[in-house]
1. Residue B:103 is checked against (1) over 20 Å from residue B:132 (Cα atoms); (2) assigned to a strand (DSSP E or B) and fails just one. What number does that condition carry?
2. Which residue, of B:166, B:116, is of a type in the set (A, V, I, L, M, F, W, C) and crowded, with 17+ Cβ neighbours inside 10 Å?
3. Just checking, does the range B:3-21 include any residue being without any contact (Cβ under 8 Å) to a residue 12 or more places away in the chain, closer than 18 Å to residue B:100 by Cβ and surrounded by fewer than 19 Cβ atoms within 10 Å (Cβ to Cβ)?
4. Tell me which residues, restricted to the range B:136-158, are in a loop (DSSP other than H, G, I, E, B) and surrounded by 14 or more Cβ atoms within 10 Å (Cβ to Cβ).
5. Can you give me the number of residues within the range B:185-195 that are over 20 Å from residue A:188 (Cα atoms) and either among the hydroxyl-bearing types (Ser, Thr, Tyr) or touching a helix residue (DSSP H, G or I) at 6+ places or on another chain (Cβ under 7 Å) (or both)?
6. Starting from the range A:280-293, keep only residues that are closer than 15 Å to residue A:319 by Cβ, then list their pairs with residues that are among the aromatic types (Phe, Trp, Tyr) and not in a strand (DSSP E or B) whose Cβ atoms are within a distance under 9 Å, requiring at least 6 positions of separation or different chains.
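The values are calculated or read from the model by the stated rules, or taken from the named source; none is laboratory data. Worth saying up front: this structure is predicted, and the values here are computed from it rather than measured. Cβ placement follows ideal geometry from the backbone for every residue including glycine, while neighbour counts extend to all protein chains displayed.
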Amino acid sequence: MVSPRSDEILPVLKASVHDVRQFTSLLRGVNFANRATVTVTERGLVVAVEEARTLLGTAYIFSDVFDEYQYHSESQEEEQQEEQDVYNSAFEIQLNTLIECLNIFGTAGGSGSSGSGKHVQWKQSNEEQGSSDDEDRNDGGHGAEGKRRNKKGAQGGNTSLDLFFSKSERKTSMRMTYLGNGFPLTLLIAEDSSGPTTTCEIATFEAEPQLELPFDPDDMKLKVILKSSWLKEALSEIDSSCDKLTFIGNPPEQAHAERVSGREKERGRTRTKPILRIQATSMHGTTEMEYFNDRDVLETFECAGPGPVSFSYRFVHITRAMRALQTSIKTSLRIDKEGLLSLQFLMPVSGSRRNDTGGGSSSNFIEFRCLALDEETS
Amino acid sequence: MRFRTAIENPATFCKIVQAIEKLQKKCVIRFTEANIHIICASEANEGGMQVWSQIKVDSLFNEYRIQSNNNNEITVNISAEALAAALKSCSSNANRSYDTEEVVMKLAKKNEQAVLSFEILGTTPVGRKVRVAHDVKIEVLKAMDVEKLREPMCPEPDTHILLPPLHKLRTIADKLKLMSEILSIRASNNGCFQLSINTESVKVETEWRNLTNPKMRA
């Protein structure tokens, strides 16, 4: 904690990082509309972007993305009065401008993440918190997956993303300051100590009330967890002329039997009918993709019966999430009884974490929530 | 009026002309005994940018011979695009069908049309000799029109500074271009150079320090 100086306003936010790529990739994941609401909290930043009062994209950027992160509440008294009533500072900003500024030296990470396989990197510190994931992968025994894990084991070190990033030597470092309501967001950006420095002042706007799409986890109709690449490949097959996308879930009939014989994929596939279908509808016809009850593909599948669950969404809204989907590792797809879709993308973690000893590391993720189209009520 | 020279370094000449071609369709070239000057002074081009360049004859040519009634100077109006195309086929790395051995550029008259004629002698990969010729139409300017070409008077600069690596400068200028129409440039005598934009939504300033201020003759 920095002791407050009398001659100076204590900034609401002060953060710095020596490599902005992780931060930028999280911001890019929600960069589908220009205005973003940034909420500054003790634990990190929440960047929310909405479209048509229907779609809400939120990036949760925890403080350990940064090397240094300091937050001071704007209203000191409130904080003293009641600890539990946490006051967060929020402002609106032009997200595109922020990303352009971070990438001013062209070294804030590739703009297009078209390469697929290389991006898929597993988080290293999954021993204590990701134990259930480990189980899933172990009993899967999928070929490629095993290979990747072996390779990772051979590397040994605590770097996962650094391996992938080491291709380009140059890194952009930055220091970000936000003094408070009415002040611009100030960025100090440099590539190396000998090179140029860039100072940016990005105008902030007063945060307007945000769209709230509360998801009811107690009344969930469908829950699927799968590797992001499986969903990405399915969605990228769909022609952009489609206007409607439908997720259809069937309650698995032999869920228990299937789990036991998870290894015998071939038999399982022929025996069961698809438990998840993605249907894209355009003026010219429909495309349908089916997922069978295979634990290698669908790590978790829960569907509250009886009968199939089916909800439709506007395809353009789903495509807004493609950027985040491409960079993510794992996807959780949930639909509640109102048809509200929640897509959570687990983002890769860079190896350079300073604060991981204190308070446990948190996984950064991006969430998209989207309202269902009205016509479908089944 | 006579003019004939061998082009020793067609690739460099080609690059210079390609840069000019992007700026303006037609340009003026003045050949003198010691220099060639490529001039773009048309008011038509975007942003009113002008080019007044001076290239020493030795750096591009050899066996350079020039003769005219006007102080041994010849000034021509030429299509930059056509000139670039001719030079491109002269430079051997641009095409693989033959290796250039010799390029001669000369002033000629074909069917009452003044041309700048390029003769390329080369060898094909199988060892056959080839001869390729390009004629680029030109218009020789009269002494009176040449008089009208006057380099604009520029005030003595306040500072001289060596720019940082151009590719880095370009990356930054390209990003700033997306955010603002107007870019401001500042340089100081203590090696400081700044590029900045200032719009309603964002202010960005990139600063280099410890650049060199070369000593220039007054």
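1. Result: residue B:103 passes all but (1).
2. B:116
3. Scanning the range B:3-21 turns up at least one residue that is without any contact (Cβ under 8 Å) to a residue 12 or more places away in the chain, closer than 18 Å to residue B:100 by Cβ and surrounded by fewer than 19 Cβ atoms within 10 Å (Cβ to Cβ).
4. Residues satisfying the conditions are B:141, B:149.
5. Going through the range B:185-195 one residue at a time, the tally reaches 1.
6. A:280/A:315; A:281/A:315; A:282/A:315
Per-residue answers, yes or no, for (1) more than 30 Å from residue A:11 (Cα to Cα); (2) without any contact (Cβ under 8 Å) to a residue 12 or more places away in the chain; (3) more than 14 Å from chain B (Cβ to nearest Cβ):
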residue: A:186; (1), (2), (3): no, no, no
residue: A:189; (1), (2), (3): no, no, no
residue: A:205; (1), (2), (3): no, no, no
residue: A:209; (1), (2), (3): no, yes, yes
residue: A:215; (1), (2), (3): yes, no, yes
residue: A:222; (1), (2), (3): yes, no, yes
residue: A:235; (1), (2), (3): yes, no, yes
residue: A:240; (1), (2), (3): yes, no, yes
residue: A:246; (1), (2), (3): yes, no, yes
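Quick grid of which residues meet (1) farther than 29 Å from residue A:48 by Cβ; (2) modelled with pLDDT of 90 or more:
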position	(1), (2)
A:170	yes, no
A:177	no, yes
A:185	no, yes
A:192	yes, no
A:201	no, yes
A:205	no, yes
A:208	no, no
A:211	no, no
